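Below is one structure, written out as structure tokens; comments come after it.
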Amino acid sequence: MGRTGPLGFLGADVLVKLLGALCLRPRLGDRPRKLDEQCHWGDYQDERSERRGLPMVCLVRPPENGDVLAAVAERLKTAKPQGSIRYARPELSRYEGRDATGPATVGSVTVVRDILRDARKQLGDSATAHTSRVPFPLFDLVYWLMLQDYDGRDDPDGVLRRAIRRISLAERFSSSAEETVKQLPENQGIWKVFSLLVRGLTLLTFRIAVTGRVPVLSGRYRWFLRQPHLAPEMSGSFVRFARRLTDGQWQEEAPEYVCRLLLNAFLEDLRRAYRLRPWRVWRRRRMTYPVLLLDEVSVGNGGYRLMELVNSVRNQVGRFDPLLVISASPAPPPELEQSPHRPQFQAAQARAAYVAWQNQLERDRRERRPTAWYLPIGVRPPSDDDEPKVRQMLQTLGSDYRFRRQVRPPWWASRWTRIGVPVLVVALVAGFVAYRTQDTYAQHCGSDNPWLTWTGSECVGTTDGSQDVFQPSDATIRQVEAVVLDQNHRAERLHEAHPERPYITLVVLEALTSSNNVAEGLTTERESLEGFAVAQLRQLNAPGSADPIVRLLIANAGRNMREGVRVANQLRQQAQQDSSIVGVVGLDISSEPTQRTIAALTNAGLPMVASTLSADPLADLNPMYFQVTPQNRREAAVAAGFAEQLPGPKVVRVYYSDDDADVYSTNLRDDVLKSFRDKGFQAEGRAFTPDGGLGGPPSHVRYGETLLGNAGAAGRDTCSYDGMAFFAGRGVPDFGQFLGSAAQCGSRATVIGDDDVTRFVADQGERRRNRALPYYYLSFATAPVNEPGGVALDFYKTLDETLFPFERTPEGRSYDGHAALAYDAAQVMIVAAAYLRETAAEIPVTPGAIWREITAIHTSRPGTEQVNKYLEGVTGTIDFGGDISRNVPQNKPVAVMGVAGGEVDKSVHGFCGAADGPTSDTWCPPDP
């Protein structure tokens, strides 16, 4: 030891700073940056990858400086922050005499293996390092294989494979699962089966992985078949290659390449430990390189052999490895003695020595020189004249390395950033997905049904009954929807079991948003759906192979059908995706929005059968539209004929809605005025402003009509009037206001309501709030106030007893007949589909074919061979007359009903039309 300690030599400060700088990893990548005059890293990085690498610093020191490497080790140990540098210092003196000069031998292999094993323990199991431990799976596997002896055994490859499996992760996982199952009670058979499945899966996975040829799955086994030593292609699989590394076999290989394999496995483990994988976000970026200190290196202890191998492997492999090798010996390595081109530098010139080595590295590697990675630096003791300089240097040098913030990765590469950024990205993506999902759910009325749309005030679109589109709804409505949903599921199962039967989907399209914002305002729509459900059940129970199986879709066209065009366009797309959709039934409110909806459905190629619509223009102008109700002109003629039979003056006032969008009201006004005048009545029109209206402009006042206020004002207009008052407006809510105001002033007028008043009659709450004034109303279908017979018997028995028992109660019965009308509308579609299979079973059931067959529902003509094909409906005979331009049944019944004291009369006051039951009154007008 020198007079001033192990670092008591000139240039010790420069050397110590260089070694500290080499230990420090760049903040980005592994390319070293240039050094300043104080051996600190500069601000810019050398971009040439050929210069990337760490040298082997060879300290050539005199005997009196024998502890120089011990001093370096002490500085690495006490570096600040604590444990920031990993280092290993194998005791090479233990291996003295186990190696010699010349080519590598078996002894060279064992000494290199043991030195690396010692270094692996110190680097991998460092208790002082504050970063995660460094694993050495490749080196450990090679070391383990070299200790195994399978010579002389039967099937050595199979025995070796099983031994490798016992030390593999798959076996440990399988054993853990087995031990867990053993802790369970005896009767837990399912877990034992699970344990067997786990063991079978791990065994299969291991057999695939151990081939060494499957990316990712083969893991470390794949590396051995791709490294350049010992010609792995001769083995074919990892097990055969591993067999060559067992005791008794590796001695037959070239010792030089066995040594290289050992060292390359050791360096590859370091490379992988310093490589940040995306899935290892919890690991910190290592900011210092591990250091291997080789003291008293010589030919006999394997130190020089190891350094020679490092140089050879780095030249051959060409990959960066994060290992800084520092050796110390009285003489330079033998290779350096034979390399006069390599300049000699002293410790004070350590920086210049490193720069010169870095500039020469590219050329030396290309020439594969045995000294390419050596950086020799001389250490000489100070003279007496240098002693004051050395003492002053030692005072300023300090006792350890203080890296401070330099060992911390940049914020964008820190562990918390690598954890936080993915977490933040995942959170943002999850939040965006949740927001979009919630937004999508909100757009689709809180469901995953793409055919439902939230408009901002109501839910429109189609559903199979799994979503509630009635707005508002109640328990009775939801019960009806549940029945439809259940029958839809039955229809799907029946279709799978009997694919030979026609399978059709009917879309029930109505205004399912209440106009008065209460569920009772949707009573007629609910009862219409009940009628469709009865028709569906009848087909589910039908035994014939030609009887269609019916599936129903419930569609809401919005309040007063205002969203009908949107839903019709949607149905066009839905029908393109679902070929079973053959037509639309139901429809609601003869209005301008309904006319546009019918036009849109016609353009979509979907035939329609309306259950309650009656305005004359609907059937006159739309060829794909049909209805089971009579037109307004027929209703007006029946009303005039009935009024003619009543006592009193022959005068009539027609109260109608002052809204051009209400096609029904304005059209009925014209028809009623004409029919009553034809009967000799003095008739005049009185317009009133509807409550809410349908969104159209005021209608034009004709025939000298009077324009009143709202429906209440129209009711008060009858106070001093004792003639006929025909209400041609909407039953809900206008007729209630009209009737209430007329009753308050004791009106003596004979009130006759149009067929839309059936909606008011169906709402028992509204009907019973107006008990003072009796009135008549026209109906296209009479509910069974008496015991029904014929077709109606089967219908109402199914309706009241099988599907909807609540209809038998006074609260359930509405007397409006809408269920029967809906049933008949569905029957028109169903019969048309059945007609397609009467002559040729292979005719596809399409919307166009259904439209054509609807016109075939008529009575046979005299002299023809046609079978009688009219339809006897619940609401009367449905016969389209055989005229392709006729879309309304002939002589369809119209009944005159009465209400007194808020209750519906049990008798029919008038009946006109063809039906299997009541006969037409003598005063009935002819069918127009």
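Could you identify the single residue in LEU263, LEU217, LEU270, LEU276 that is farther than 15 Å from PRO137 by Cβ and modelled with pLDDT of 90 or more?
LEU263
Only one of (1) more than 32 Å from the chain's Cα centre (by Cα); (2) surrounded by fewer than 16 Cβ atoms within 10 Å (Cβ to Cβ); (3) in contact (Cβ under 8 Å) with a residue 24 or more places away in the chain is not met by ALA475, so which one is it?
(3)
Cβ-Cβ distance below 6 Å, separation of 6 or more or different chains: which pairs start in region 885-904 with a residue that is among the charged types (D, E, K, R) and end on one that is in a loop (DSSP other than H, G, I, E, B)?
As it stands, the answer is ARG886/PHE880; LYS892/PRO630; LYS892/GLY913, since those pairs meet every condition given.
Inspect all residues belonging to region 617-637 and state whether any of them is in contact (Cβ under 8 Å) with a residue 60 or more places away in the chain, touching a helix residue (DSSP H, G or I) at 6+ places or on another chain (Cβ under 9 Å), of a type in the set (Lys, Arg) and surrounded by fewer than 24 Cβ atoms within 10 Å (Cβ to Cβ).
The answer is yes, given that some residue of region 617-637 is in contact (Cβ under 8 Å) with a residue 60 or more places away in the chain, touching a helix residue (DSSP H, G or I) at 6+ places or on another chain (Cβ under 9 Å), of a type in the set (Lys, Arg) and surrounded by fewer than 24 Cβ atoms within 10 Å (Cβ to Cβ).
Go over the candidates PHE795, PHE760 one by one and state the one that is at pLDDT below 95 and outside the structural domain of ARG669 (by TED's automatic domain parsing).
After ruling out the rest, the residue left standing is PHE795.
For region 534-570, how many residues are in contact with a Ser or Thr (Cβ under 9 Å, 6 or more places away or on another chain), in a helix (DSSP H, G or I) and buried (at least 24 other Cβ atoms within 10 Å of the Cβ)?
5
Counting only residues that are assigned to a helix (DSSP H, G or I) and touching an Asp or Glu at 6+ places or on another chain (Cβ under 7 Å), how many does region 621-633 have?
Our first condition is that a residue be assigned to a helix (DSSP H, G or I); within region 621-633, this holds for 621, 632-633.
Filter once more, keeping what is touching an Asp or Glu at 6+ places or on another chain (Cβ under 7 Å): 632-633.
Of the residues in that region, 2 qualify.
Answer yes or no as to whether ARG222 is in contact with an Asp or Glu (Cβ under 7 Å, 6 or more places away or on another chain), over 24 Å from ASP30 (Cα atoms) and not assigned by TED's automatic domain parsing to the domain that holds VAL134.
Numbers: in contact with an Asp or Glu (Cβ under 7 Å, 6 or more places away or on another chain): no; over 24 Å from ASP30 (Cα atoms): yes; not assigned by TED's automatic domain parsing to the domain that holds VAL134: yes.
Considered against the rule, which asks whether it is in contact with an Asp or Glu (Cβ under 7 Å, 6 or more places away or on another chain), over 24 Å from ASP30 (Cα atoms) and not assigned by TED's automatic domain parsing to the domain that holds VAL134, ARG222 comes out as no.
For region 719-751, enumerate the residues that are buried (at least 24 other Cβ atoms within 10 Å of the Cβ), part of a strand (DSSP E or B) and of a type outside the set (Phe, Trp, Tyr).
Within region 719-751, MET724, ALA725, VAL751 meet the criteria.
If you scan region 871-900, which residues turn out to be β-branched (Val, Ile, Thr) and over 51 Å from the mean Cα position of the chain (by Cα)? Steps first, please.
Initial filter on region 871-900 (β-branched (Val, Ile, Thr)): 874-875, 877-878, 884, 888, 894, 896, 899.
Within region 871-900, THR877, VAL894, VAL896, VAL899 meet the criteria.
Only one residue in LEU375, LEU267, LEU292 is buried (at least 20 other Cβ atoms within 10 Å of the Cβ), under 54 Å from the mean Cα position of the chain (by Cα), among the aliphatic types (A, V, I, L, M) and outside any helix (DSSP H, G or I). Which one?
Values: LEU375 fails: under 54 Å from the mean Cα position of the chain (by Cα); LEU267 fails: outside any helix (DSSP H, G or I).
LEU292 is the lone residue from the list that is buried (at least 20 other Cβ atoms within 10 Å of the Cβ), under 54 Å from the mean Cα position of the chain (by Cα), among the aliphatic types (A, V, I, L, M) and outside any helix (DSSP H, G or I).
Kindly list the number of the only condition in (1) at pLDDT below 75; (2) in contact with a Leu (Cβ under 6 Å, 6 or more places away or on another chain); (3) crowded, with 19+ Cβ neighbours inside 10 Å that fails for MET393.
(2)
Can you tell me which residue is farthest from MET146 (Cα to Cα) among those in region 93-118 that are touching a strand residue (DSSP E or B) at 6+ places or on another chain (Cβ under 9 Å) and not β-branched (Val, Ile, Thr)?
Filtering region 93-118 for residues touching a strand residue (DSSP E or B) at 6+ places or on another chain (Cβ under 9 Å) gives 93, 115, 118.
From the residues that got through so far, the ones that are not β-branched (Val, Ile, Thr) too are 93, 118.
Details: SER93: 23, ASP118: 16 Å.
Among those residues, the one meeting the criterion is SER93.
Filter region 522-566 down to the residues that are at negative phi and touching a Pro at 6+ places or on another chain (Cβ under 9 Å) and list them by number. Before you say what the answer is, go through the steps one by one.
Filtering region 522-566 for residues at negative phi gives 522-557, 559, 562-566.
Answer for region 522-566, where residues must be at negative phi and touching a Pro at 6+ places or on another chain (Cβ under 9 Å): LEU522, GLN539, ALA542, ALA546, ASP547, PRO548, ILE549, ALA557, ARG562, GLU563, GLY564, VAL565.
If ALA242 passes every condition in (1) touching a helix residue (DSSP H, G or I) at 6+ places or on another chain (Cβ under 6 Å); (2) in a loop (DSSP other than H, G, I, E, B) but one, which one does it miss?
Of everything listed in (1) touching a helix residue (DSSP H, G or I) at 6+ places or on another chain (Cβ under 6 Å); (2) in a loop (DSSP other than H, G, I, E, B), ALA242 misses just condition (2).
Regarding ALA491, is this residue of a type in the set (Gly, Ala, Ser), under 30 Å from the mean Cα position of the chain (by Cα) and buried (at least 19 other Cβ atoms within 10 Å of the Cβ)?
Values: of a type in the set (Gly, Ala, Ser): yes; under 30 Å from the mean Cα position of the chain (by Cα): yes; buried (at least 19 other Cβ atoms within 10 Å of the Cβ): yes.
Yes, satisfied.
Quick check, is ASP125 surrounded by fewer than 18 Cβ atoms within 10 Å (Cβ to Cβ), modelled with pLDDT under 90 and among the acidic types (Asp, Glu)? Talk me through it step by step, then tell me what you get.
On the way: surrounded by fewer than 18 Cβ atoms within 10 Å (Cβ to Cβ): yes; modelled with pLDDT under 90: yes; among the acidic types (Asp, Glu): yes.
When the stated conditions are applied, ASP125 passes them.
(1) modelled with pLDDT under 95; (2) within 24 Å of GLY731 (Cα to Cα); (3) small (Gly, Ala, Ser): which one isn't true of GLY544, the others all being true?
(2)
Only one of these is surrounded by fewer than 19 Cβ atoms within 10 Å (Cβ to Cβ), under 27 Å from GLU253 (Cα atoms), at pLDDT 95 or above and touching a helix residue (DSSP H, G or I) at 6+ places or on another chain (Cβ under 8 Å): ASP114, ASP140. Name it. Quick ask: steps written out before the conclusion?
On the way: ASP140 fails: at pLDDT 95 or above.
Sole residue among the options that is surrounded by fewer than 19 Cβ atoms within 10 Å (Cβ to Cβ), under 27 Å from GLU253 (Cα atoms), at pLDDT 95 or above and touching a helix residue (DSSP H, G or I) at 6+ places or on another chain (Cβ under 8 Å): ASP114.
Would you check if there is a residue in region 464-471 being in contact (Cβ under 8 Å) with a residue 40 or more places away in the chain, of a type in the set (Gly, Ala, Ser) and assigned by TED's automatic domain parsing to the domain that holds ALA533?
Quick first cut of region 464-471, residues in contact (Cβ under 8 Å) with a residue 40 or more places away in the chain only: 464-465, 469-471.
Still in the list and also of a type in the set (Gly, Ala, Ser): 465.
If we keep only those that are assigned by TED's automatic domain parsing to the domain that holds ALA533 as well, we get 465.
Yes; the residues of region 464-471 include at least one that is in contact (Cβ under 8 Å) with a residue 40 or more places away in the chain, of a type in the set (Gly, Ala, Ser) and assigned by TED's automatic domain parsing to the domain that holds ALA533.
Residues to consider are ARG31, ARG48; find the one that is modelled with pLDDT of 60 or more and either touching a His at 6+ places or on another chain (Cβ under 7 Å) or of a type outside the set (Asp, Glu) (or both). Write out each step before concluding.
Working: ARG48 fails: modelled with pLDDT of 60 or more.
Every option except ARG31 fails the conditions.
Of the numbered conditions (1) more than 26 Å from GLY583 (Cβ to Cβ); (2) at pLDDT 95 or above; (3) not in a helix (DSSP H, G or I), ALA639 satisfies every one except a single condition; which is it?
ALA639 satisfies every listed condition except (3).
Of the residues in region 893-916, how many are in contact with a helix residue (DSSP H, G or I) (Cβ under 7 Å, 6 or more places away or on another chain) and of a type outside the set (A, V, I, L, M, F, W, C)? Talk me through it step by step, then tell me what you get.
Step one: filter region 893-916 for residues in contact with a helix residue (DSSP H, G or I) (Cβ under 7 Å, 6 or more places away or on another chain), giving 894, 896, 899, 902, 904, 910, 912, 916.
Keeping just the survivors that are of a type outside the set (A, V, I, L, M, F, W, C) gives 902, 910, 916.
Looking only at that region, the number is 3.
For region 508-529, which positions are surrounded by 24 or more Cβ atoms within 10 Å (Cβ to Cβ) and either under 31 Å from the mean Cα position of the chain (by Cα) or assigned to a helix (DSSP H, G or I) (or both)?
If we filter region 508-529 for residues that are surrounded by 24 or more Cβ atoms within 10 Å (Cβ to Cβ), which is where we start, we get 508-513, 522-529.
Selection gives VAL508, LEU509, LEU512, THR513, LEU522, THR523, THR524, GLU525, ARG526, GLU527, SER528, LEU529.
Could you list all residues from region 436-449 that are touching a helix residue (DSSP H, G or I) at 6+ places or on another chain (Cβ under 9 Å) and closer than 20 Å to LEU509 by Cα? Let's see the steps before the verdict.
Narrowing region 436-449 to residues touching a helix residue (DSSP H, G or I) at 6+ places or on another chain (Cβ under 9 Å): 447-448.
Across region 436-449, the qualifying residue is only SER447.
Here's a check for you: in region 642-670, which residue that is free of Cβ contacts under 8 Å to residues at least 60 places away in the same chain and under 16 Å from SER591 (Cβ atoms) is surrounded by the fewest Cβ atoms within 10 Å (Cβ to Cβ)?
Restricting to residues being free of Cβ contacts under 8 Å to residues at least 60 places away in the same chain and under 16 Å from SER591 (Cβ atoms), the top hit is ASP670.
For every residue, the table says whether it meets (1) surrounded by 15 or more Cβ atoms within 10 Å (Cβ to Cβ); (2) part of a loop (DSSP other than H, G, I, E, B); (3) at pLDDT 85 or above.
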site	(1), (2), (3)
SER860	no, yes, no
GLU872	yes, no, yes
PHE880	yes, yes, yes
ASP883	no, yes, no
VAL888	yes, yes, yes
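Identify all residues within region 308-329 that are farther than 16 Å from ARG120 by Cα and assigned to a helix (DSSP H, G or I); write none if there are none.
Those that are farther than 16 Å from ARG120 by Cα and assigned to a helix (DSSP H, G or I): GLU308, LEU309, ASN311, SER312, VAL313, ARG314, ASN315, GLN316, VAL317.
The values are calculated or read from the model by the stated rules, or taken from the named source; none is laboratory data. Note that the structure is predicted; figures quoted are calculated from it, not measured. FYI the Cβ positions are ideal-geometry reconstructions off the backbone, even for glycines, and counts take in every protein chain you see.
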